[in-house]
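Beneath this line is the structure, given in structure tokens, with notes to follow.
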Amino acid sequence: MQHKGTRLEVNLDALAHNYHYLKSRISDTTKFMAVVKANAYGHGIVKVAQKLQDLGTDYFATAYTEEGEELRENGIITPILILHAQQHNLDICIDRCLEPVIYSMEMLDAFIAFAKAKQQQSYPIHLEFNTGLNRIGIDPEDIQEVIRIVKSSPEVKVRGLQSHLAASEDLNEEEFTQQQITKFETIAAILKKELDYEFLLHEANTSGILNYNNAHYTMVRSGIGLYGFGNDAKHDAQLKPISSLKSNISQIRSIEPGETVSYNRKFVAKDPTTYAVIPLGHGDGINRIYGYGNLKVSINGKPAPTLGIICMDMFMVNITGIAAKVGDEVVIFDQTVHTSRQMAEDAGTISYELLTGIQKRVRRVYIDTLSK
Ligand SMILES: *Cc1c(COP(=O)(O)O)cnc(C)c1O
């Protein structure tokens, strides 16, 4: 089917390919957690999660409680981890059967109080220890206090122990990463000795899966890999970017030397110039960094650089010398040559930021041939 208008085409076949590839890199007994925070990195949390649930993912992770709620409201019955639940909405975790990551002593106390008030028994929680990222996490020094509290609180049960690697994608930091791995294993050993039940161990994100086989443990947490990127050319070659951002030309104009384009007249034509107006802008997630030629879209197979400032709802590209008419397709990024990773890197940012910034008003169109 021929789609028109600004849309993000999401290829669920490619998502399935990435899922199977990442699974092939871990052992059969290691569980797979699909990270679908930030609207599944911009691809649409519900459709992506439904596909991954069909594929058999063991767990989901979202950043915030509201994202987990949205999954529950849309038929996701797989366990869901909330990476960054906050104290003011811990009760929602219990109401929606979401498993919170407990990342501080205050939060542990607060969650146990909620669990008590809601008459819970053995409610699953995941304990996050800081091993070097220095973001959220319980201080390893507090392990004995954590054990004391957990053992005396039948309302909760440790379902998982987690930490997060600071530099799993940067092999120059291997020594630091191995130190994080060792710290994590030390904490795990202490906890194992004290608890008379099994719990999951998870520390690796996508780059952790691909670069550190010794950090897979009993579960891995993958986000960007599912969406097609491995933070390294060698890994990227095995994965498939799952989305293309496309639009259609709204208008074509020609100007004479000395005339200017867009706000504040930042583009001044030196030669007779023909340009096209494209209906998306920073209100859709095409940040101002992409102006002034920092992005080249593809029109009828030819590269067309941006002219001047990106507006909120549109931007202009130079099509001088390109045969094009109103309505022709514009490819902002695609799944093969000019991927979101390439587009982001050309402008000095990363695919994570570009993809998660694609706004709600950009229609998501799903391609799913394999399940039909
Ligand atoms: C976002 C996130 C992940 C996923 O990371 P990727 O690099 O996208 O695979 C895993 N764990 C935590 C704690 C995260 O915040």
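The values are calculated or read from the model by the stated rules, or taken from the named source; none is laboratory data. Keep in mind that what you see is a predicted model, and the values were worked out from it rather than measured. All Cβ positions, even for glycine, are placed from backbone atoms using ideal geometry, and neighbour counts span all protein chains on display. These accessible areas exclude ligands, DNA and RNA; they are computed on the full protein's heavy atoms, side chains included. Shrake-Rupley method; radii C 1.70, N 1.55, O 1.52, S 1.80 Å.
Based on the inverse mean of 1/r over its pairs of different Cα atoms, what is the Kirkwood hydrodynamic radius of the chain, in Å?
Working: mean 1/r = 0.0446 Å⁻¹.
For the chain, inverting the mean 1/r across all distinct Cα pairs yields 22.4 Å.
Considering only protein heavy atoms and a 1.4 Å probe, what is the carbon-and-sulfur percentage of the accessible area of the chain? Carbon-and-sulfur percentage of accessible area, whole number: 48. Our helix-only sum for the chain, with -39,500 (n - 2.57) per DSSP H run of n ≥ 4 divided by its residues, gives a mean residue ellipticity at 222 nm of -8500 deg cm²/dmol.
Compared with the alpha-carbon gap, the fully stretched path from E106 to D54 is longer by 15.0 nm at 0.36 nm per residue. What the chain shows is 45 Å² of accessible area per residue, with the surface traced by a 1.4 Å probe over protein heavy atoms.
How many percent of all Cα-Cα pairs in the range 1-63 sit more than 15 Å apart? The calculated P(r) of the range 1-63 puts 54 percent of pairs beyond 15 Å.
Here the range 230-372 is treated as an ellipsoid with the same Cα gyration tensor; its semi-axes, largest first and in whole Å, are 28, 16, 14. A simple count of charges around L226, restricted to other residues whose Cβ falls under 11 Å of its Cβ and scoring Lys, Arg +1 and Asp, Glu -1, yields +4. Packing order of peptides 276-282, 336-342, highest average first: 276-282, 336-342 (average count of other Cβ atoms within 10 Å over each peptide's residues). Counting 0.36 nm for each residue step from E141 to Y64 and taking away their Cα separation leaves a gain of 25.1 nm.
Shape class of the range 246-309 from the Cα gyration tensor (axes a ≥ b ≥ c, square roots of the eigenvalues): oblate, since a/c reaches 1.5 or more and a/b does not exceed b/c. Counting 0.36 nm for each residue step from T186 to S250 and taking away their Cα separation leaves a gain of 17.1 nm.
For the pair C97 and T29, label points projected 7 Å from Cα toward Cβ lie 2.8 nm apart. In this simple spin-label model, placing a label point 7 Å from the Cα along the Cα-to-Cβ direction at both D313 and N213 gives a separation of 5.5 nm. In this label model, A113 and L195 are separated by 2.3 nm, measuring between points 7 Å along each Cα→Cβ vector. Between F333 and residues 5 or more places away or on another chain, which pairs have amide H atoms under 5 Å apart, with H built 1.01 Å from N, and which residues are they? Those qualifying (amide H under 5 Å, at least 5 residues apart or on another chain) are L245.
For the options Q86, Q179, Q162, a Gaussian network treatment of the chain with springs between C-alpha atoms closer than 10 Å singles out Q179 as fluctuating the most.
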